[in-house]
Amino acid sequence: MTKYVFVTGGVCSGLGKGITASSIALLLKAKGYKVFMQKFDPYMNVDPGTMSPIQHGEVFVTADGCETDLDLGHYERFIDEELNYTSNITNGKIYSSVIEKERRGDYLGATIQIVPHISNEIKNKIYEAGHTSNADIVITEIGGTVGDIESSVMMESLRQFKMEQKNNAFFVHTTLVPYLFGSNELKTKPTQNSIIELRRLGIQPDIIVTRSNVELGDSIKNKISLFGSIPKENIIEAIDVNNIYQIPINFHKQHIEDIILRQFDLPIRRSNIKYWEDLIETVNNLNEEIEIALVGKYVELHDAYLSVMESLKHAGYKHNLKININWVDSESLEKNNCNLKEVFKNSKGILVPGGFGQRGIEGKIKACEYARVNNIPYLGLCLGMQIAVIEFARNVCHIEDASSREFNETCKNPVIDLMAEQKTIINMGGTLRLGNYECTIKKNTLTSKIYNTDKILERHRHRYEFNNKYKEELEKNGLVFAGINEPSNLVEIIENPKLSFFVACQFHPEFKSRPNRPHPLFDAFIGAAKKYKK
Ligand code: GLN
């Protein structure tokens with residue numbers, strides 16, 4: 001029988017609910033339980049695929065091709081399990097599915113109402129995650145803050161879920177305990193009010209996770225315990241940390257997983273957490289630093305590149321390096337007076353990540369050219385590969401006006417172009433090339449050395465492709481097509497063997513990197529950057 005843990009948030013957003021949920025899942029997995037994770041987002045978009053990265057941060061893509069909230073990236077990095085279409089549910093998804101059923105006549109003439117039709121649909125999505133994953137424990141995070149209008153039906157569904165599942169449902173509520181300077185004290189009132197708000201919705205939390213910048217101490221804990229009707233040991237402190245991967249260890253010391261298992265009446269086995277403790281030991285003792293330039297157009301919101309940042313860090317852990325990111329706004333490189341030498345003076349690698357639309361493109365091409373001409377390690381991800389192709393076509397092969405159809409519809413030489421099946425698409429949502437595709441790696445290439453295998457599966461999220469019409473010309477000039485998706489004959493990886501490290505891929509390796517298992521491409525890129533000398 002699957003058990004369900006729900007993680008809600010109070011007081012304000014940004015308290016680390018996603019990290020709390022991920023840490024709980026990691027700790028339960030470390031006890032030998034099969035876990036699965038799910039996030040409910042209360043917005044009306046069907047998925048975040050069409051949302052601006054500057055507003056919403058990165059769109060994370062699952063292996064089965066779902067465009068999801070960036071918290072799912074945290075989940076996968078913490079629990080090292082592949083999530084899927086059942087893992088990210090939005091109000092938009094729920095409502096469209098109910099309306100579709102109504103149009104089909106599935107409700108047999110009933111009046112469709114928020115309760116029970118929408119609330120049933122929400123509960124069904126929770127049950128579906130349990131059934132399809134076959135997990136012992138499903139951890140579901142509810143986006144937003146308790147009391148929001150948007151999430152109120154979701155909260156109502158959780159209340160009903162508890163009624164149906166009784167002891168198989170467990171509630172974790174994260175709150176803030178602010179420290180007031182001047183009076184120099186911690187304040188519990190926001191937490192108290194947030195618990196009251198949750199109770200008004202019919203939910204009694206089982207655990208309170210308190211975010212604070214100092215230890216709570218006994219009297220504060222007693223107060224929260226008394227007002228919240230929560231045993232004192234069920235108040236788990238989430239004190240600010242420098243590194244999110246520290247959180248599971250901090251929770252483990254407070255036995256959060258044992259409290260949950262005890263309430264579920266499940267055996268409390270020995271914890272297999274040593275591997276994570278070793279990781280934290282490494283992370284806390286990195287003794288060298290290195291700067292990597294990340295050239296993008298959404299750099300004002302670092303979350304827009306969350307998985308890329310994490311992947312760089314993971315590779316850094318392996319090479320015993322702390323990674324400092326040199327955030328470069330690609331548009332700024334387009335200005336006439338921009339001194340590239342100055343911008344990249346301390347950077348030992350240049351990374352051009354994914355992106356959409358025309359803004360900042362020429363700046364990225366300049367950065368790529370700078371990397372190629374100066375033999376600085378270059379890693380191009382998705383758009384970063386398309387940029388590398390355009391740069392090579394223009395500046396090495398002298399193909400006039402080479403560009404992507406995305407940025408210049410009438411360009412003479414679209415070295416990156418739309419595939420036939422993409423030309424008739426009218427719907428923007430969910431119609432990119434998404435999720436896992438196989439790639440066959442060419443023998444005797446740097447890529448084959450890096451991956452040490454000839455077949456890989458990587459996750460995609462893009463509409464435009466390398467235009468095979470130009471393959472021969474680029475190859476003649478020294479570009480190597482190191483990875484191909486054979487069924488479609490689409491280019492997946494390119495490299496420039498004349499340079500010490502110049503690799504770019506059409507997919508997003510950043511979605512598959514794990515803190516204790518960096519992705520091979522990031523690993524090799526950071527390895528090359530470490531060796532790079534000006
Ligand atoms: N805009 C490009 C495309 O649609 C690249 C997308 C990306 O980098 N994710 O093909």
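Coordinate-derived values only; no laboratory data. A quick note: this is a predicted structure, and the numbers were derived from the prediction, not measured. With ideal geometry, Cβ positions are generated from the backbone for all residues, glycine too; neighbour counts draw on all protein chains shown.
The relative contact order of region 367-425 comes to 22 percent, based on Cα pairs under 8 Å that sit 6 or more residues apart.
Helix-only arithmetic for the chain: the sum of -39500 (n - 2.57) across DSSP H runs with n ≥ 4, divided by the residue total, places the mean residue ellipticity at 222 nm at -10500 deg cm²/dmol.
Taking the DSSP bridge list for the chain and keeping only pairs wholly inside it, about 35 percent are antiparallel.
Pairs exceeding a 24 Å alpha-carbon distance, out of K341/K364; K364/K498; K498/K531; K31/K189; K34/K449; K345/K366: K31/K189; K34/K449.
Amide H contacts of E458 (H built 1.01 Å from N, in plane; Pro and chain starts excluded): Y437, C439 sit under 5 Å, all sequence-distant by 5 or more or on other chains.
For region 213-317, which trypsin sites (Lys or Arg not before Pro) are in a loop by DSSP, counting at most 16 other Cβ atoms within 10 Å?
Numbers: sites: K221, K223, K232, K253, R262, R269, R270, K274, K297, K313; in loops: R269, R270, K297.
When the trypsin sites (Lys or Arg not before Pro) of region 213-317 are filtered for loop state and at most 16 Cβ neighbours within 10 Å, R269, R270 remain.
What number, in nm² with one decimal, is the all-direction average of the projected area of the convex hull of the alpha-carbon atoms of region 344-479? Could the numbers behind the result be given before it?
On the way: hull surface 37.2 nm².
Average projection, Cα convex hull of region 344-479: 9.3 nm².
For region 139-251, report the translational diffusion coefficient in µm²/s to the nearest whole number, using Stokes-Einstein at 37 °C, 0.692 mPa s, and a Kirkwood Rh over Cα pairs. Don't jump to the answer; show the numbers that get you there.
On the way: Rh = 15.0 Å.
Once the numbers are plugged in, D ends up at 218 µm²/s.
By the beta-carbon count within 10 Å of each Cβ, the least crowded to most crowded order of M51, M155, M1, fewest first, is M1, M51, M155.
Semi-axes of the equivalent ellipsoid for region 1-147, please: Cα gyration tensor eigenvalues, times 5, square-rooted, ordered largest first, whole Å.
Values: eigenvalues 130, 69, 43 Å².
Output for region 1-147: semi-axes of 25, 19, 15 Å.
Over region 221-361, all Cα pairs binned in 10 Å intervals from 0 give whole-percent P(r) values of 9, 27, 24, 19, 14, 6, 1, listed from short to long. Counting only residues at least eight positions apart within a chain, or on another chain, the lysines with an alpha carbon under 21 Å from that of K423 are K412, K469.
Legend: Rg and Dmax of the chain, from Cα coordinates, 24.8, 75 Å.
Annotation: amide H-H contacts under 5 Å for R514 (H modelled 1.01 Å from N, sequence separation of 5 or more, or interchain): H519.
Dipole of the chain, Cα-centred, from +1 at each Lys and Arg C-beta and -1 at each Asp and Glu C-beta, to the nearest 20 debye?
780
What Kirkwood radius, in Å to one decimal, follows from the Cα pairs of region 412-522?
On the way: mean 1/r = 0.0665 Å⁻¹.
For region 412-522, inverting the mean 1/r across all distinct Cα pairs yields 15.0 Å.
Would you please give the residues with an amide H less than 5 Å from that of G483, counting only those at least 5 places away or on a separate chain, with H modeled from the backbone geometry? For G483, the qualifying residues are K442, E492, I493.
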